[in-house]
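Here's the structure we're looking at; comments come further down.
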Amino acid sequence: LKPFWPRHTELLPITRCLVAPRRPAVGLRASMPDFVCTYEGLVLPLTGKSEQDWPNGLRIVLYMLGLFWCFMGVGLVSDVFMSAIEKVTSKKLHLKNKETGRYYTYEVWNPTIANLSLMALGSSAPEILLNVIDIFAKEFFLEGLGPSTIVGSAAFNLLMIIAVCIVAIPNGEIRRIKEMPVYVVTASCSIFAYVWLLIILMASSPNVVEPWEGIFTFLFFPILLVTAFAADKGYLGSVDRSENDICICAESTKEEFADAALQVRNQHGQHLTDAQVARIMMATSSKKRSRAHYRIAAIRNMFGGKRLKTVRKTLTAKLSKNFSFLGNKRVMPVDDDDDDKDAATSWIQFMTAQYAVLESAGTIEVKVVRGGDLSQPARARYCTKDGTATAGSDYRPLQGWVEFQPEETEVSLTLSIIDDNAYEDDEDFFIVLSDAEVMKIADGKDQVSKCDLGVNKQARIVIIDDDEPGVLSFEKEHMITHPQSIDYQLPIKVLRRNGSCNEVSVQYTTESASAVAGHCFEPASGKLTFQPQQIEAVIYVTIKAVARYDLQDKFRVVVSDPEGGVKLDKSTDGGDEKNIATITIAADDVSKQKVDTLHSLLLAKWEKSKIGHESWIGQLKAAVLVNGGEDDDDDDGGGSEAPSIADYITHCLALPWKLLFALIPPPDYCDGWVCFFCALAMIGVVTMIIGDMASLLGCVLQIPDDITAITFVALGTSLPDTFASKAAATMDPYADASVGNVTGSNSVNVFLGLGLPWMIAAIVWQVAGTNTTWDDRYQLLDGLDWLGEKGYRKQAFVVEAGSLGFSVSIFSTFALLCIMLLAVRRQVFGGELGGDGLPKWISGGILVLLWLLYIILSAWKSLSSQ
């Protein structure tokens, strides 16, 4: 009859030999003045049976303080655990983009998968491990706090934490869920998970978990991950990807730093200094804060740890508050700027910068053009200037004014060429424009204002003494160009030598090498035509604004198929069939220096905001010093706040835990995995202590285990998540990090926290031989008729529904009401969180009331069943 003795109590001395029910009525125990709690757990009580002689009042106080201190410990080791998870999930790879040919930094872990797997395990590790340890330590019998802690924690998370998040948003502000398909998946699974518990505990196989039920419960976890991943990728509905934040991190290449800096300058202005660009990149480069970040920040704020730098609420608020130096400046497209300039001013220039004329032609016509404002008359002075040709012997000098009437855009000047019989090389002279001015008539008086001279303010005239069509070649076979902050056109000159008569043409096209067409440059092709006496033409290729550091890309411009009798220079690259010019796109030294400066500034800032430590020395220093020994200055140049009295008190209380957990290997070792498993083991040890401490407290208070689990244990393990979700709700522009993570965590708690140990336990009992302890406990117990007649039952994993099933039923109903309330708020107020004062307080009050009802009804059911 020993298994039927009460586990937590002995009524001394008269009931030591009496047969009592497994859980005696609380009222009976409360009425006994000589009541003694004799519970013995895995670790506690430390003093053994001598502790039973202590006064109950003293034991209650000690167990309460001990439980609080253990909650502090599990919170601190969860800080280390989450640091490891942050390190693991932040791993990145450099992969080559096939379209652009460049290497980019990609995250290994999908954020949704990370949140629902390692992040959920990190935030719910105490609850999950409490259940796992109970199952394994008690020889696969279901006892203790585990399942009720899972359900109680889920109720607190969904009802109380969301209530806090709703009212924490400032009046008038709204937070809505952005990744709606993912939220629908996690919210649906969070309700289904607990409905599934009701099915397997009360309908499918009452009070028994069969192997297939345990296997399915655990398999729902990977199914949840796959479904959420599909939703995140847009396979189950449209996903809002409107934000285009710059993705830059410490692992990014110098090329990516240069590209990010280019984006910042294009968006906010070319006038920014390097320090200002670094500040903007620091604020906008990181993706939304992870669940680990908010959890770690909450733990450290509670227990005097090193503070984490947090982001502002929205990008707009960050820029308006911290980057006022931006003003309203924007970088406009170059074409728009040119158009605006042309429309506001008047300019004069030669139509082309070079002309050629046969010596026998006698004259050459040079065209002068005008653009911009054509409403007023304009003029410019011109004169000839010797080059290799001499005025008087090779050409007739000329000077004067070229005048434009209103709306006139083109004027021709005729120059005389002197023909002689002497053999000579090609010679040249120049004609130059100067003193351009616009003449206005105002109040009957002539007024003169300055007029701009264009790029071609000087024209070169080459005198050729033969009449051949000529030979074509590139001016430069190899060119190096440097990318700019905006797209620009690169001029590539083609020269015509040894003759210039007749109209000739040649085909041209661009060819990709390492530079990718469409990404590094715009592909170009067409026909390049030379008019008679024209000895120079230009091919324009648009170079894209792609930032670079060490990377150099090349492409080629090829001319071929000459027409009109002209030939290609056979001595150049490509020979007489085609000529090739190779263009290299590379960063200049000034651009590299700017990137190096930004890189240094950002690495310094990231080092300050780093969550984990690189060495044991750093961990020990952070453990010993209050607030982790914060830096003297922060990113804004101001000093950090001095530790408060509360910081010193909590630091002293937590110091033994901090020193113990500082022995865990830092997250930088083996990409965080060593820290991950060591911290997980530490959480398991502290969780065992919490389980024993909570059971002792419940025993001394004469409270059943399930009530202890849904109150003390659930509250203590969920408190850090409360502060983390509140910080996420107020600081993130969306509600995903607060609401979405709660629903996902509740699903994982059942599928992983209950599914894994229940699956193992169900399989163990399926294959195990006869167990006398099982027979003593369950052969004659009511409610297990599904296993056979009393005394002849087959052994299985017994999970008595009882108060647990009732608690799950109540929570499932309230969870559905909570999800419906959030849906109504989204439709009415535009978001799940926040809003005006009264509505948001009413919503929060409803959820708090539901949680209180859940506690009251669950406690009533538990007490009435004793």
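The values are calculated or read from the model by the stated rules, or taken from the named source; none is laboratory data. No experiment lies behind these values; they were computed from the predicted model shown. Heads up, the Cβs are rebuilt from the backbone with ideal geometry, glycines too, and the neighbour counts pull from every protein chain shown. The accessibility values were calculated without ligands, DNA or RNA, using every heavy atom of the protein model including side chains. Shrake-Rupley method; radii C 1.70, N 1.55, O 1.52, S 1.80 Å.
Here the extension length gained between THR584 and ASP53 equals 182.4 nm, from 0.36 nm per residue of separation less the Cα-Cα distance. On the protein heavy atoms, probe 1.4 angstrom, tell me the percent of accessible surface of the stretch 100-214 carried by carbon and sulfur. With neighbouring chains kept in place, the figure for the stretch 100-214 is 68 percent.
To the nearest 10, the accessible area of ILE169 is 0 Å² with a 1.4 Å probe. Computed with every protein chain present, the accessible area of ASP576 is close to 100 Å² [probe 1.4 Å]. Computed 3J(HN,Hα) for the stretch 64-70, one whole-Hz value per residue from the Karplus formula 6.51 cos²θ - 1.76 cosθ + 1.60 where θ = phi - 60°, is 5, 5, x, 5, 4, 5, 5, glycine and proline marked x. Comparing Cα centroids, the stretch 449-490 and the stretch 777-807 end up 95 angstrom apart. Taking the 1.4 Å solvent-accessible surface of the stretch 469-509 as the whole, the part contributed by carbon and sulfur is 46%. Where the centre of each part is set by its Cα atoms, how far does the stretch 156-178 sit from the stretch 32-63, in angstrom? The stretch 156-178 and the stretch 32-63 have Cα centres spaced 41 Å from each other.
A probe of 1.4 angstrom, applied to the heavy atoms of all protein chains, finds GLU475 with accessible area near 90 square angstrom.
Taking all protein chains together, MET119, MET439, MET759 sort by accessible area into MET439, MET759, MET119, largest first [probe 1.4 Å].
Computed from label points 7 Å out along Cα-Cβ, the spacing between HIS482 and ILE846 is 6.3 nm.
In sequence order, the stretch 183-196 has phi-based couplings of 4, 4, 5, 5, 5, 5, 5, 5, 7, 4, 4, 7, 5, 4 Hz under the Karplus curve 6.51 cos²θ - 1.76 cosθ + 1.60, θ = phi - 60°, and Gly or Pro positions carry x.
You can think of it this way: the chain between VAL455 and ARG497 has 12.7 nm of extra reach, that is 0.36 nm per residue less the Cα-Cα gap.
Going through the cross-link list LYS527/LYS570; LYS178/LYS233; LYS476/LYS592; LYS493/LYS570, which pairs have a Cα-Cα distance over 24 Å in this structure? In this structure, LYS476/LYS592 lie more than 24 Å apart at Cα. In order along the stretch 346-356, phi translates into HN-Hα couplings of 10, 9, 9, 7, 6, 4, 9, 7, 9, 10, 9 Hz, rounded to whole numbers, per the Karplus curve 6.51 cos²θ - 1.76 cosθ + 1.60 with θ = phi - 60° and x for Gly and Pro.
Stretched out straight at 0.36 nm per residue, the stretch from ALA137 to GLU475 would grow longer than its current Cα-Cα span by 113.3 nm. Here the simple spin-label model places points 7 Å from the Cα toward Cβ, and for LYS621 and ALA646 these points are separated by 2.8 nm.
Placing a label point 7 Å from the Cα of THR529 along the Cα-to-Cβ direction, the residues of the stretch 504-522 whose backbone N falls under 19 Å of that point are 504-509. Using a 1.4 Å probe on the protein chains only, how many percent of the accessible area of the stretch 522-581 belongs to carbon and sulfur? C and S fraction of accessible area: 41 percent.
Accessible area per residue for the stretch 137-197, computed on protein heavy atoms with a 1.4 Å probe, is 26 Å². Placing dummy labels 7 Å off each Cα toward the beta-carbon, the span from ASN110 to ILE215 is 2.6 nm. Highest mean packing comes first when the peptides 556-565, 661-670 are listed by Cβ atoms within 10 Å, giving 661-670, 556-565. The calculated FRET efficiency for the pair ALA391 and MET439, based on their C-beta separation and a Förster distance of 45 Å, comes to about 0.90.
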